[in-house]
Amino acid sequence: EDWRFVLLVDPETIGINGEHEIRAFADSPGMPQELTDALCRIALTEIGPAFAECDHRSAARALDEYGNRVGRYFSEVQGGTFSSPDVGRVVAQLRFDGITQTSWGPTCSVLCSGTSTATAIENRVNSINGNVKATVVQPLNTGERIAATG
């Protein structure tokens, strides 16, 4: 309940989407099995359990590792580990744990243990001269509900 995410948004960059995204996947030789195995291991044995146990430090480290591995794999297509060079500079300058990029970006999120930490990160990012803006958001902890109709 206490955890928050800080979204790092670069409003001047558009992530890969549409035809460009379709081509990027079509032109890809496919993710190496070794990387796929590592990502599955991180998701199943680190991220999932850390969230289930409310272990913020482990969750942040696992999200960081997962996000960096995926970002490095797609770096040639998206122009770096992060699709927005400005978000990448903010991440490098402020060195947060728990950073992941949303799909092809350019938005990244930072997992925070509570509102005060999230607000401090939001203020630090927004005080930097540049176009990256930070916003604190609360995750939806209920999951999606599907109801049959008819």
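The values are calculated or read from the model by the stated rules, or taken from the named source; none is laboratory data. For clarity, every value in this text was computed on a predicted model and none was experimentally measured. Backbone-built Cβ (ideal geometry, glycine too); neighbour counts: all protein chains shown. The accessibility values were calculated without ligands, DNA or RNA, using every heavy atom of the protein model including side chains. Shrake-Rupley method; radii C 1.70, N 1.55, O 1.52, S 1.80 Å.
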Within region 106-121, the residues that are open to solvent by less than 40 Å² (accessible area, probe 1.4 Å) and more than 15 Å from residue 63 (Cβ to Cβ) are 106, 114
Exactly one of 44, 63, 39, 35 is within 18 Å of residue 95 (Cβ to Cβ) and out of contact with any Cys (no Cβ under 7 Å at 6 or more places or on another chain), and that residue is 63
For region 36-60, the count of residues that are assigned to a helix (DSSP H, G or I), more than 18 Å from the chain's Cα centre (by Cα) and among the acidic types (Asp, Glu) equals 1
Checked pairs for region 1-28, first under 17 Å from residue 107 (Cβ atoms), second open to solvent by less than 50 Å² (accessible area, probe 1.4 Å) and among the hydroxyl-bearing types (Ser, Thr, Tyr), C-beta under 6 Å and 6 or more apart or across chains, list as 5/109; 7/107; 7/109; 9/107; 10/84; 13/84; 15/83
Item to complete: Determine if region 124-133 includes at least one residue that is at pLDDT 90 or above, more than 25 Å from residue 71 (Cβ to Cβ) and open to solvent by less than 40 Å² (accessible area, probe 1.4 Å).
Response: no
Looking across region 1-30 at residues that are within 18 Å of the chain's Cα centre (by Cα) and of a type in the set (Val, Ile, Thr), the single one that is surrounded by the fewest Cβ atoms within 10 Å (Cβ to Cβ) is 14
Conditions (1) open to solvent by less than 60 Å² (accessible area, probe 1.4 Å); (2) more than 16 Å from the chain's Cα centre (by Cα) -> residue 33 fails only (1)
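Going residue by residue through region 57-77, is there one that turns out to be among the small types (Gly, Ala, Ser) and within 21 Å of residue 12 (Cβ to Cβ)? Write out each step before concluding.
Looking only at region 57-77, we keep the residues that are among the small types (Gly, Ala, Ser), and these are 58-60, 62, 67, 71, 75.
Okay, now just the ones that are also within 21 Å of residue 12 (Cβ to Cβ), so 71, 75.
Among the residues of region 57-77, at least one is among the small types (Gly, Ala, Ser) and within 21 Å of residue 12 (Cβ to Cβ), which makes the answer yes.
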Exercise. Do we have any residue at all in region 82-95 that's among the small types (Gly, Ala, Ser) and farther than 19 Å from residue 16 by Cα?
Worked result: yes
Exercise. Is it the case that region 61-79 has a residue that's open to solvent by less than 20 Å² (accessible area, probe 1.4 Å) and in a loop (DSSP other than H, G, I, E, B)?
Worked result: no
Residue hits (region 80-105; open to solvent by less than 50 Å² (accessible area, probe 1.4 Å), in contact (Cβ under 8 Å) with a residue 12 or more places away in the chain and under 22 Å from residue 27 (Cβ atoms)) are 81, 82, 83, 84, 101, 104, 105
